[in-house]
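What follows is one structure encoded as structure tokens, with my remarks underneath.
Quick note: the coordinates plus some simple rules give every number you see, no bench work behind them. These numbers were taken from a predicted model, which means no experiment stands behind them. Positions of Cβ are generated from backbone atoms using ideal geometry, with glycine treated the same way; all protein chains shown enter the neighbour counts.
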Amino acid sequence: MKKSVRRAVIAGNWKMNMTPSEAKAAVEETARLTNGMSGCDVVLCVPFVDLPAAIEAAAGTHVKIGAQNVHFAEKGAFTGEVSAKMLAEVGAEYVIVGHSERRQYFGETDETVNLRTKAALAAGFKVILCLGEVLEQRKAGITSEIVSMQTKLDLAGVSAEEMANVIIAYEPVWAIGTGLTATPDQAEEVCALIRRTLASLYGDTVAEATTIQYGGSMNDANAAELLSKENVDGGLIGGASLVPAKFTKIVEAAQA
Ligand code: PEP
């Protein structure tokens, strides 16, 4: 299977930005500007409280709405957390799991990322599973070990069938929000490694069908070259997704 038959996915991660009224306007503007760009899926992952406004604004358009995390328990004493059932009822379709900011600032581990991934898949979500090395690990020359270990741990117990709803976002932590971007060759090398790891877990057919995004300071200037790589099937975009015109340029770059 070739890159051309994998579905490209350009997803925005708004992080902790935008109030509900700002979200409504930004979703409407993104939908308007990217209208007709059918060469990739367009997803916006918004703060929990923005979900109803974003979902309403995206209704009837090609833009899909996602959340930025999900808890693994069905319900209970987990103050501040949100369950898959809650997200499903408001109409979210995607959920980011394992973002490096959750791992860095909120103590999430491969174990909790795995639990969250399985809970989201069981509830029918499309999961954008984030993984990637920190700078010290890259400098120590252990990027491939780290990334392949994360892939295996984060997907433990996920079936081959469920992989149809998994998108992997390779996000080198040193490139997130820093303005530093992996070179297209660095991104390709690690995305290809992730695909080989998926092949070892699930076989070639699943590995070749899985969308693997790059994330880390992707913007309108560097997107086309990153997305031209054989194993880079899309992007997870933070900062640049907050400005619909900039995000649209990245969606445009994914049309080729
Ligand atoms: C992200 O939040 O996943 C991300 C890649 O952020 P940025 O594009 O700002 O580096």
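If I build a Gaussian network model for the chain, linking alpha-carbon pairs within less than 10 angstrom, which residue out of TYR214, TYR105, TYR170 has the largest mean-square fluctuation?
TYR105
Taking the Cβ of ILE55 as the center, what net charge do the other residues with Cβ under 14 Å away carry, scoring Lys and Arg +1 and Asp and Glu -1?
-3
In µm²/s, what is D for the stretch 1-120 at 4 °C and 1.567 mPa s, where D = kT/(6 pi eta Rh) by Stokes-Einstein and Rh is the Kirkwood radius from Cα pairs? It would help to have the intermediate numbers written out before the result.
Working: Rh = 15.2 Å.
Value of D from the Cα-based Kirkwood radius: 85 µm²/s.
Which shape class, rounded, prolate or oblate, goes with the stretch 133-256 when its Cα gyration tensor gives a ≥ b ≥ c as root eigenvalues, a/c under 1.5 marks rounded, and past that a/b bigger than b/c marks prolate? Show your work: numbers first, answer last.
Details: a/c = 1.98, a/b = 1.34, b/c = 1.48.
It is oblate, given that a/c is not under 1.5 and a/b is not larger than b/c.
Expected output is a single nm value to one decimal: the length gained when fully extending between GLU22 and ALA88, i.e. 0.36 nm times separation in residues minus the C-alpha distance. What is it? Working shown, then result.
Numbers: separation 66, 0.36 × 66 = 23.76 nm, distance 2.24 nm.
In short, 21.5 nm is gained.
Given the pairs LYS118/LYS152; LYS24/LYS246; LYS64/LYS152; LYS64/LYS246; LYS75/LYS118, which span a C-alpha to C-alpha distance of over 22 angstrom in this model? Display every interim value, and only then the final one.
Values: LYS118/LYS152 13 Å; LYS24/LYS246 17 Å; LYS64/LYS152 28 Å; LYS64/LYS246 18 Å; LYS75/LYS118 15 Å.
In this structure, LYS64/LYS152 lie more than 22 Å apart at Cα.
Starting from the Cα-Cα distance between SER144 and THR178, subtract it from 0.36 nm times their residue separation and give me the gain in nm to one decimal.
Numbers: separation 34, 0.36 × 34 = 12.24 nm, distance 2.17 nm.
So the chain would gain 10.1 nm between SER144 and THR178.
Please give, to one decimal in nm, the separation of the simple spin-label points placed at GLU29 and ALA199, each 7 Å out from Cα toward the Cβ.
Using points 7 Å along Cα→Cβ, the separation is 4.3 nm.
Any chance you could run the full-extension gain for ALA224 through GLU111? It's 0.36 nm times the residue separation minus the Cα-Cα distance, nm to one decimal. Before the final figure, lay out the partial values.
Working: separation 113, 0.36 × 113 = 40.68 nm, distance 3.44 nm.
Extra length available between ALA224 and GLU111 comes to 37.2 nm.
With springs only between Cα atoms under 10 Å, which of ILE146, ILE128, ILE168 fluctuates most in a Gaussian network model of the chain?
Of the options given, ILE146 has the highest mean-square fluctuation.
In nanometres, what is the gap between the two model label sites at LYS246 and SER159, each 7 Å from Cα along Cα-to-Cβ?
In this crude label model, LYS246 to SER159 measures out at 4.2 nm.
So what does log10 I(q)/I(0) come out to for the chain at q = 0.09 Å⁻¹, using the Debye formula with one equal point on every Cα and no solvent?
-0.34
In a Gaussian network model over the chain where Cα atoms closer than 10 Å are linked, find which of LYS152, LYS139, LYS15 has the largest mean-square fluctuation.
Among LYS152, LYS139, LYS15, the largest mean-square fluctuation in the Gaussian network model of the chain belongs to LYS139.
For GLN104 and PHE78, FRET efficiency with R0 = 22 Å and r from the beta-carbon atoms, rounded to 0.05? Before the final figure, lay out each step's value.
On the way: r = 20 Å, r/R0 = 0.92.
With a Förster radius of 22 Å, E is 0.65.
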